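Chemist: Structure in structure tokens, see below.
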Amino acid sequence: MTPGRPVPPPLATPIVPAPEIAPTPEDGAAAEAGVLAAAYGAVSGGSGLVPLTVARRAPKPDDVEIAIEFCGLCHSDVHATRGEWGGQTYPLVPGHEIVGTVRRIGSDVTDFAVGDRVGVGCMVDSCRECDSCLDGLEQYCEKGMTGTYGAKDRRNGGAITQGGYSSSIVVDRRYVLHVPDSLDPAAVAPLLCDGVTTFSPLRHFEVEDGDVVGVVGLGGLGHMAVKLAKAMGAKVVVFTTSESKVAAALELGADEVVLSRDEAAMAAADRTIDLIIDTVAAPHDLNPFFRTLRVDGALFQLGLPSEAMPPVNPGSLIRRRIAYAGSLIGGIAETQEMLDFCAEHGVVADIEMVSAGQLNDAYDRMVAGDVKYRFVLDTSTLQAAAEEANA
């Protein structure tokens with residue numbers, strides 16, 4: 001293993017103005033009308049998720065209009081809609097793990113066709129000019145990527161992007177992904193965030209047969225890290241504070257489980273791990289995990305705690321030339337690579353399907369850690385829930 005980087009308002013007023021697009025002979029589908037999409041979102045930090053309507057623009061020449069079938073629920077959706085990250089613009093429709101079928105395409109789109117199953121992840125645009133974008137690392141765009149929801153869409157009049165808890169979305173083709181036909185589309189949705197977030201550091205360190213990968217935490221990210229590392233041929237060791245998760249980790253394919261509060265078990269793991277994927281989003285001491293790494297090992301931090309972490313002892317890094325790194329989702333090409341890899345190896349997320357009327361309960365359950373391992377919204381329930389709320 002060597003470091004390296006391969007490439008409650010009812011259904012009512014639209015919350016996003018549909019941009020006026022003057023038809024031209026070249027516009028094709030862009031000359032057609034935009035659509036109103038049924039959606040669920042927040043109108044304030046304390047409103048919970050309520051029925052809304054989103055006005056989607058007509059496809060421009062490079063756009064793809066997608067009829068959304070499924071959207072994963074990410075813990076970041078909870079933080080954003082509840083205003084826990086500050087500076088949020090409302091109303092807000094969350095959702096950045098989108099799977100659906102192509103309904104319309106712009107006149108210049110040749111890589112997608114009506115009826116194709118496609119996906120959209122955490123971003124819908126970037127500057128396309130900086131070194132990061134040109135290197136296929138759009139997630140690190142030097143001018144800032146455009147998030148799938150809650151971001152200013154610079155190419156479309158500065159409107160705030162609205163996400164996948166809706167019946168449709170329009171996205172530039174450059175940020176749309178092909179979903180392999182062999183995969184369950186509902187179980188693919190979380191791959192567009194959790195999947196690529198764990199795949200990217202595994203690929204960055206070129207994990208292969210014989211490597212030993214440690215996974216800290218067994219939630220949405222952690223369960224994907226286990227599956228992907230196993231598919232790459234690695235031995236997988238799960239670190240958990242909970243005895244109740246031992247059987248679950250082994251069921252997912254882990255070769256070994258270490259209770260991280262057991263000092264003897266942690267001591268026995270000294271110098272046995274090549275790479276650690278840390279998915280825990282609560283403050284925790286990293287120094288015991290550094291001691292499990294071999295020379296030239298690395299710990300990738302994926303979880304983003306809301307409070308300060310205990311300090312890292314530099315000696316733990318220096319004595320074994322250990323790297324402590326972070327990683328953010330993946331670029332578009334890498335996300336497509338991840339989907340193709342998952343199709344080849346039959347890897348998808350473990351999911352629980354929810355309807356629109358269950359979204360608020362699902363959010364509470366996510367906060368409580370009561371999900372195994374990801375919720376996915378069936379968007380066919382959005383319209384019925386909105387109509388009922390409007391009655």
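The values are calculated or read from the model by the stated rules, or taken from the named source; none is laboratory data. Keep in mind the model is a prediction, meaning the values are calculated, not measured. As a convention, Cβ positions derive from the backbone with ideal geometry for all residues, glycine included, and neighbour counts pool all protein chains shown. Side chains included, ligands, DNA and RNA excluded: accessible areas come from the protein's heavy atoms. Shrake-Rupley method; radii C 1.70, N 1.55, O 1.52, S 1.80 Å.
Chemist: Excluding PRO305 itself, calculate the net charge of residues whose Cβ lies under 14 Å from the Cβ of PRO305, where each Lys or Arg counts +1 and each Asp or Glu counts -1.
Modeler: Charge balance near PRO305 sits at -4.
Chemist: Which lysines have a Cα lying under 16 Å from the Cα of LYS152, excluding residues fewer than 8 positions away in the same chain?
Modeler: Within the straight-line limit of under 16 Å, LYS152 reaches these lysines: LYS143.
Chemist: Take the Cα gyration tensor of the stretch 171-252, multiply each eigenvalue by 5, square-root it, and list the three semi-axes largest first, rounded to whole angstrom.
Modeler: Value: 25, 16, 11 Å, ordered largest first.
Chemist: Only sites in a loop by DSSP and with at most 14 other Cβ atoms within 10 Å count here; which chymotrypsin sites (Phe, Trp or Tyr not before Pro) in the stretch 137-229 make the cut?
Modeler: In loop regions of the stretch 137-229 (DSSP not H, G, I, E or B), there are no sparsely surrounded chymotrypsin sites (Phe, Trp or Tyr not before Pro).
Chemist: Can you give the relative contact order of the stretch 301-391 as a percent, counting alpha carbon pairs under 8 Å and 6+ residues apart? Provide the component values of the computation, followed by the final result.
Modeler: Values: 51 pairs, mean separation 21.3, N = 91.
Averaging sequence separation for qualifying contacts and normalising by length gives 23 percent for the stretch 301-391.
Chemist: Same structure, new question: Which value, in nm² and rounded to one decimal, describes the direction-averaged projected area of the C-alpha convex hull of the chain?
Modeler: Quarter of the Cα hull surface area: 18.9 nm².
Chemist: I would also like to ask the following. Please compute the net charge surrounding THR161, taking Lys and Arg as +1 and Asp and Glu as -1 over other residues with Cβ under 9 Å from its Cβ. Can you show the working numbers first?
Modeler: Numbers: positive: LYS152; negative: ASP125, ASP153.
Here the charged neighbours net out to -1.
Chemist: Taking the Cβ of LEU49 as the center, what net charge do the other residues with Cβ under 13 Å away carry, scoring Lys and Arg +1 and Asp and Glu -1?
Modeler: Cβ neighbours under 13 Å give a net charge of -2.
Chemist: Taking the DSSP beta bridges in the chain as the whole, what percent of them are antiparallel, to the nearest 5?
Modeler: 55 percent
Chemist: What accessible area, in Å² to the nearest ten, does a 1.4 Å probe give for ILE332?
Modeler: Around 30 Å² of this residue is reachable by solvent.
Chemist: Find, among the trypsin sites (Lys or Arg not before Pro) in the stretch 278-342, those assigned to loop by DSSP (not H, G, I, E, B) with at most 16 other beta-carbon atoms within 10 angstrom.
Modeler: Sparse-neighbourhood loop trypsin sites (Lys or Arg not before Pro): ARG319, ARG320, ARG321.
Chemist: I would also like to ask the following. Do you know the relative contact order of the stretch 126-213, to the nearest whole percent, from alpha carbon pairs under 8 angstrom that are 6+ apart? Spell out each step's value before the answer.
Modeler: Working: 58 pairs, mean separation 10.7, N = 88.
After rounding, I find 12 percent.
Chemist: If you don't mind, there's one more thing I want to ask. Could you tell me which GluC sites (Glu not before Pro) in the stretch 288-382 are loop residues by DSSP with no more than 11 other beta carbons within 10 angstrom of their beta carbon?
Modeler: GLU307
Chemist: Using a 1.4 Å probe and counting only protein heavy atoms, arrange HIS79, HIS284, HIS345 so the residue with the most accessible area comes first.
Modeler: I get HIS345, HIS79, HIS284, largest accessible area first.
Chemist: Roughly how many percent of the accessible protein surface of the chain is carbon and sulfur, given a 1.4 Å probe and a whole-percent answer?
Modeler: For the chain, the apolar C and S fraction of the accessible surface comes to 52 percent.
Chemist: How big is the gap, in Å, between the Cα center of the stretch 156-232 and the Cα center of the stretch 36-58?
Modeler: If you average the Cα positions of each part, the centres end up 24 Å apart.
Chemist: Over the stretch 206-270, what is the mean sequence separation of C-alpha contacts under 8 Å (at least six apart), divided by residue count, expressed as relative contact order in percent?
Modeler: 30 percent
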